[in-house]
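S.K.: The structure's right below; bear with me while I get my questions together.
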Amino acid sequence: MADDPTIPDGSRLLRRIPADANHIIWSPNANAYTLSSQAFRNLQKQPPAFSINIETILQESGLTPDSVIKDSARYGLIALPVSLVRQQQQAVERHPEPDDPSHGHVVGEKPKSVARVFIQAVTIANELQWVIPPPGWPWPPGGKVDK
Amino acid sequence: MMLLAYDIANTASCQVGEWRAQTPAPLWREASAWISSVAAQFSQIQKLQPNWDSYGAMPITRRAVDAMIELLGSVMNPNAPAPTLVPSARGHLQAEWHMKGIDLEVEAIDPTHIEVDYRGPGGPWSETLGVDLVRLVAAINKLSAP
């Protein structure tokens, strides 16, 4: 499959971030929380891809991002602009599932440089921008992991 | 280089790994700060169930834990700050530091395939390392400086 041009550049791709797997980490450099690059690594290898939900399809169905959070006690939800994703040589594809019609894939190799662009895209003034924040957000400075 | 070995008690209630030095040295007893942190993080990470990221992520394998332990034992020093251990959806581990003006990510895909991404003094570099970990040791040493 190739990039789906019916998914507009102005749309957003929603991705869940686990709250209890150190994908949200404290950065003393930024004095703020950031995301690990692992939040944007491909699980699938052939083709290389990770899963997202396509916001325009949600909207067409009269649904909101709350419908794709799965478990608000375990995940937060971020949004990547489709235009930015395509600029990183990624293809955006629809992969609807019976219980997840807005499901899609971001297809393409994702070296750390691409993950960094994605992290920057969900960060403004060192602050992570959530569509739905993870439970307990904002978290206390210094991190949740006991060091 | 020191190598640290560990046994994780395989009981339902035991959550903490036991660390045992294979080559004892007084110097490594002083490294208890980062070792304790890493052991606690391993304990938490190994609780992750399949699909922990909601996208089909694999649980972290024993092989992945062993690979990370072997790696840390080879590159860390007693003054090194503890990394944040981050699970990969494919079942391996990444160690990260974001401090002292350095952003360092070390992904231990297997014992001879270590992906390193460094941003900090001396300029950025990304490299896949095998048995030669000199550049990574140098990066850790920069993190260890007061």
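S.K.: Return a whole-number percent for the relative contact order of region A:1-129, with Cα pairs under 8 Å and 6 or more residues apart as the contact set.
M.R.: In percent, rounded to a whole number, it is 34.
S.K.: Listing B:Glu127, A:Glu93 from the residue with the fewest other Cβ atoms within 10 Å to the one with the most, what is the order?
M.R.: Going from least to most buried by this count: B:Glu127, A:Glu93.
S.K.: What full-extension length gain, to one decimal in nm, is calculated for B:Arg135 and B:Ser43 as 0.36 nm per residue of separation minus the Cα-Cα distance?
M.R.: Computed gain between B:Arg135 and B:Ser43 is 30.2 nm.
S.K.: Sticking with this one: Which of the residue pairs A:Lys45/B:Lys47; A:Lys144/B:Lys100; A:Lys112/B:Lys47; A:Lys110/B:Lys142; A:Lys70/B:Lys47 have a Cα-Cα distance greater than 22 Å in the structure shown?
M.R.: Checking Cα-Cα distances, A:Lys45/B:Lys47; A:Lys112/B:Lys47; A:Lys110/B:Lys142 exceed 22 Å.
S.K.: Other chains near A:27-37: what is the mean number of their Cβ atoms within 10 Å of each residue's Cβ?
M.R.: 4
S.K.: Within region A:10-86, list the trypsin sites (Lys or Arg not before Pro) lying in a DSSP loop whose Cβ has at most 16 other Cβ atoms in a 10 Å radius.
M.R.: Passing sites in region A:10-86 are A:Lys45, A:Lys70.
S.K.: Can you work out the Karplus-derived ³J(HN,Hα) for every residue in region A:23-38? Use 6.51 cos²θ - 1.76 cosθ + 1.60 with θ = phi - 60°, whole Hz, and x for glycine or proline.
M.R.: 7, 10, 10, 7, 10, x, 4, 8, 6, 6, 7, 9, 9, 6, 4, 5
S.K.: Based on the alpha-carbon gyration tensor of region B:23-126 and its eigenvalue square roots a ≥ b ≥ c, which shape applies: rounded if a/c is under 1.5, prolate if not and a/b is larger than b/c, or oblate?
M.R.: Taking the square roots of the gyration eigenvalues as a ≥ b ≥ c, region B:23-126 is oblate.
S.K.: Another question about this same structure. Before anything else, pin down the relative contact order of region B:24-146: Cα pairs under 8 Å, at least 6 apart, normalised by residue count, whole percent.
M.R.: RCO, region B:24-146: 20 percent.
S.K.: For A:Thr123, which sequence-distant residues (separation of 5 or more, or a different chain) have an amide H within less than 5 Å of its own amide H, given hydrogens modelled in the peptide plane?
M.R.: So A:Thr123 has HN proximity to A:Gln129.
S.K.: Principal axes first, then extents: for the Cα atoms of chain A, list largest minus smallest coordinate on each axis, whole Å, largest first.
M.R.: Each principal axis gives a Cα extent; for chain A these are 44, 32, 27 Å.
S.K.: Say the dipole of the protein assembly as shown comes from +1 at the beta carbon of Lys and Arg and -1 at that of Asp and Glu; which of A:Ser83, B:Val137, A:Ala115 then lies farthest toward its positive end?
M.R.: B:Val137
S.K.: Taking θ = phi - 60°, what integer Hz values does the Karplus form 6.51 cos²θ - 1.76 cosθ + 1.60 yield along region A:57-64, in sequence order, with x for Gly and Pro?
M.R.: My calculation for region A:57-64 gives 5, 4, 5, 4, 8, x, 9, 10 Hz in order.
S.K.: Which residues does the label zone of B:Ser144 cover in region B:41-82, counting backbone N under 12 Å from a point 7 Å along Cα→Cβ?
M.R.: Residues B:73-82 fall inside that zone.
S.K.: Along region B:47-55, what does the Karplus equation 6.51 cos²θ - 1.76 cosθ + 1.60 (θ = phi - 60°) give for ³J(HN,Hα), rounded to whole Hz, x for Gly and Pro?
M.R.: Once rounded to whole Hz, the list reads 7, 5, 8, x, 6, 4, 9, 6, 10.
S.K.: Report the residue, chosen from A:Val117, A:Val85, A:Val106, that carries the largest GNM mean-square fluctuation when chain A is represented by alpha-carbon nodes joined by springs under 10 Å.
M.R.: A:Val117
S.K.: A further question follows. Which value, in debye to the nearest 20, gives the size of the charge dipole of the protein assembly as shown about its Cα centre, when Lys and Arg are +1 and Asp and Glu are -1 at the Cβ?
M.R.: Approximately 540 debye in magnitude.
S.K.: Sticking with this one: In what order do B:Trp34, A:Trp137 fall by count of nearby beta-carbon atoms within 10 Å, going from fewest to most?
M.R.: A:Trp137, B:Trp34
S.K.: In debye, nearest 20, what is the charge dipole magnitude of chain A about its Cα centre with +1 on Lys and Arg Cβ and -1 on Asp and Glu Cβ, if you could check?
M.R.: For chain A, the charge dipole is close to 600 debye.
S.K.: Does anyone have the angle between helix A:112-121 and the longest principal axis of chain A? Alpha-carbon axes, 0 to 90°, nearest 10?
M.R.: 80
S.K.: Then there's this: Please give the average number of partner chain Cβ atoms lying within 10 Å of the Cβ of each residue in B:82-92, rounded to a whole number.
M.R.: Per residue, the average neighbour count from other chains is 5.
Any read-out appearing in this document is the output of simple, stated calculations on the displayed coordinates, not a laboratory observation. Please read these numbers as outputs of a predicted model, since none were measured by experiment. All Cβ positions, even for glycine, are placed from backbone atoms using ideal geometry, and neighbour counts span all protein chains on display.
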